[in-house]
Structure formats: C-alpha cells, structure tokens
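This report concerns only the one structure given below.
The values are calculated or read from the model by the stated rules, or taken from the named source; none is laboratory data. From a predicted model like this one, the values you see are computed outputs, not experimental measurements. All Cβ positions, even for glycine, are placed from backbone atoms using ideal geometry, and neighbour counts span all protein chains on display. Protein only, heavy atoms only, side chains kept; ligands, DNA and RNA dropped before computing areas. Shrake-Rupley method; radii C 1.70, N 1.55, O 1.52, S 1.80 Å.
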Amino acid sequence: MSMQGHILIIDDEASLRQTMARILQRAGYEVTTAADGKEGLALISEHPFDLVYSDIRMPDMNGLELLKIVHAKFPDLPVVLFTAQPDLNSAVEAVRSGAVDYLLKPLKPQAVIDRTNSILEKNLVERRKRVIQRQIEALQAELNALEKGNGEENVASGPKQAPASNDRFVRLGTLSLDLYARRVTMKECDVDIPPTSFDYLLVLVRHSPNVVSFQTLVAEAQGYETDTREAQELTKWHIHHIRQAIEPDSRKPVYVINVRGTGYRLVMG
C-alpha cells in the first residue's frame, strides 16, 4: 500500500541521506533531508512532517537526544532511529524514549518502504480516531446546548424547502456542488465523498484559486479553532478523500495542490 506523506531524514552521512531520499521519493513520498540533529529540529519546528528517520551517531546532537526533544514537543510525530553500531542499551533507551522502531544499517530499500507504509497507515488511523473524538465532543456540546434551550424555539414542521437555484449550486470548472442534496459531480458524473470532506471541498471551491490555510479550512468546514499543526492533521484526512473523489490519480494531484507548510489550493483548469 502506497501512501502520501512528508518524511524527514536526518543523517550526517550524505550518501545515505540521498539514497534513502531516492528510495522514499520513488515510493511516492515527499522527502526532506537534514545533515545533523540541530538542522533537523529546526525543520521539524517549521514544517509539519509525518515521519522522521534519524541516525543515532551524529556530531553535536545524537539521535537519542534528538528523539527526546521531538517526543517532548511533538509527541504524535513518529521517529525511527537507525545505526550501524547497534548495542542493547541504545536500543532499550530508544524504545523508552518514544522511538517507534530501531533499525540496523545497511537499510534494505523494500524494508524501509514497508516499514514507512506500516507506520504512516497506523498514524493515519490514530489521527482519524482523534478527529472523530473531537467531532463527538463538539456534537455532544451542541446537543447539550440545544437541550438547555429546549422550548425557547419551535422548529417549523413540514418538508425542508430547497434553496433558490442560484444559492443551491456552487460550480468551478467541471466541478459542481449541490448544497441542498450535498452531492458532488465531476464532469457531470456523481462522485462519492464523506459529509465532512464535502464541507472541506466547499471551502476550497469558494476560495479557489487562492491558498487556504490549514486553520482556515478547519474553522470554515468544521468550526474548530486550532493551532497550525493540529489543523494540518485534521485537514489531511479530508484532503485524502477529496483527492480520491476528484483527482485522475490521487497520488499525483493536479487539482488539490499542497502549499508546503501553509495549506491547500484548488485549481480547476
């Protein structure tokens, strides 16, 4: 299973960095590299990554020191450590400090790809669970508010009236969103999309072709106020569904474009 993700590789050995980068890029991942721990930490602080690979033995800051800082600041970011000189103590310390795996050099290309796919698939599920939990909490709060105000407002009976035609449809190129039926068509063909992902797509359409930040997407689609990293996590799942629905090849998106570290923009020819 090939997944999308942004991976950081940290190693003071240039040839290994470049080799790992090529392996993962060919597998469909976006890859950034760093020559030492300090550079890696700076990149992690500035950009949202999905996975970090780091050598243990590096000058100035070793991989275990890096791991402890990353795990303290970004506990949801998985880190894999690797080394050419393994020992039991470093392996135990790596696991205790929060590493998701401990690999030995030389790294086999297919093993790296398989492990990456496995870690990111698990992480995607965990992120989705957190999103669902937030949605449940928001819905519970809304339900409590409605029950508290019960009797103050009466809901009119009878079938819901469709909005006026001009307000019902939002169109962009060959893409059309029916706001009443909450249905998406692409080139006059119906496409399946989850309800909340529909709201994210609507935000992208209304802002197109401008860039929409992660936080704006979450705020307008779901009503959450979040920090950038949390918003990026919330957004990624829905962008995945949108790309599957409207892109010719979701692995090589041409409509929903990622603007690194900022958000997404929708471009329809």
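Structure notes:
- GNM top mover of ARG96, ARG206, ARG57 - the chain, alpha-carbon springs below 10 Å: ARG96
- Subtracting the Cα-Cα distance of ILE132 and ASP76 from 0.36 nm times their residue separation leaves 18.5 nm of extension gain.
- Close amide H contacts of PHE82 (hydrogens built in the peptide plane, cut-off under 5 Å, sequence separation of 5 or more or a different chain): SER54, ASP55, ILE56, LEU103.
- FRET efficiency, ARG26 to LEU143 (Cβ-Cβ, R0 51 Å, nearest 0.05): 0.60
- Gyration tensor verdict on segment 5-45 (Cα atoms; rounded if a/c is under 1.5, prolate if a/b is larger than b/c, oblate otherwise): oblate
- Cβ-defined net charge surrounding ASP36, 12 Å radius [Lys, Arg +1; Asp, Glu -1]: -4
- Positive dipole terminus of segment 1-142, leading residue within VAL80, ILE132, ILE10 (C-beta point charges): ILE132
- Shape of the chain, Cα gyration tensor, a/c cut at 1.5: prolate
- Rounded percent of accessible protein surface that carbon and sulfur make up, the chain, 1.4 Å probe: 50
- At the residue level, GLU147 shows approximately 120 square angstrom of accessible surface with a 1.4 angstrom probe and all protein chains present.
- On a per residue basis, segment 19-143 carries 52 Å² of accessible surface, using protein heavy atoms and a 1.4 Å probe.
- Here the chain carries DSSP beta bridges of which approximately 50% are antiparallel, counting only pairs with both residues inside.
- Acute angle (nearest 10 degrees) that the helix 37-46 long axis makes with the longest principal axis of the chain, alpha-carbon atoms: 10
- Of the residues ARG17, ARG115, ranked by 1.4 Å probe accessible area with the largest first, the sequence reads ARG115, ARG17.
- Cross-link reach list, lysines versus LYS129, counting only Cα pairs under 27 Å and skipping chain neighbours closer than eight places: LYS68, LYS73, LYS236, LYS252
- For ARG183, nonlocal amide neighbours, meaning residues 5 or more places apart or on other chains whose placed amide H falls under 5 Å from its own, are ASP178.
- Each stretch of four or more DSSP H residues adds -39500 (n - 2.57); spread over every residue of the chain, this sum gives -15500 deg cm²/dmol at 222 nm.
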